[in-house]
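Participant: The structure follows.
What follows draws every value from the coordinates through simple rules; no lab data is involved. This structure is a prediction, so every number in the text was calculated from the model and none was measured. So basically every Cβ, Gly included, is an ideal-geometry build from the backbone, and we count neighbours across all protein chains shown.
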Amino acid sequence: MKNIFYELHRDIPREGPGNRESTRKAYESLNLPATPSILDVGCGPGDQTLELAKLSKSNVVAVDIQESFLAVLKHRAAQEGLSDYITPVQASMKNMNFPELSFDLIWSEGAIYIMGFAHGLAQWRQFLKPRGYMVVSELS
């Protein structure tokens, strides 16, 4: 059986609200290290992932449960010359297995609702370094 979620969303470059300009504006408002460690949770096909990689010039770990979205992200990263900056990880946002205090920035555009806003913030915080940032957005 085909994945209905993917079939409905497969040609959409971004799975949530916003655009690259919004991603850039939010990113540039942060006081991050020169090469921050970044986790993009629920990355989907990765439009914001690609923008984060361009802006940071550092590694972005892109997590999504849908292998098909990660395949799209890999293809788009190769097209934009960003493959070296993106590490796709197929996993559930509810059960990520990263060491504590791993990331300077945790990013999630239009996906935290899957866990519930408060629950997502509480669970993901363990992965955030001291003085790190968590940036999430939702359609409202």
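Participant: How big is the dipole moment of the chain about its Cα centre under a simple scheme where the beta carbon of each Lys and Arg is +1, that of each Asp and Glu is -1, and everything else is neutral? Debye, nearest 20, please. Don't skip to the answer; put the middle values down first.
Facilitator: On the way: 14 positive and 16 negative charges, 39 e Å.
Approximately 180 debye in magnitude.
Participant: For P(r) over Cα pairs in 10 Å bins from 0, in percent, pick the label among (1) 12, 47, 35, 5, 0; (2) 12, 42, 37, 9, 0; (3) 9, 16, 19, 26, 23, 6, 1 that corresponds to the value derived from the coordinates.
Facilitator: (1)
Participant: Cross-link candidates for LYS129: which lysines have Cα within less than 25 Å, leaving aside residues fewer than 8 places away along the same chain?
Facilitator: Excluding near neighbours in sequence, the set is LYS25, LYS54, LYS57, LYS94.
Participant: Quick one: if you stick a label point 7 Å off each Cα along the C-beta vector at GLN126 and GLU21, how many nm between them?
Facilitator: Label at GLN126, label at GLU21, 4.0 nm between them.
Participant: Given the options PRO45, PRO36, PRO88, which has the most mean-square fluctuation in a GNM of the chain, springs set between C-alpha atoms less than 10 angstrom apart?
Facilitator: Comparing PRO45, PRO36, PRO88 in a Gaussian network model of the chain, the most mobile one is PRO36.
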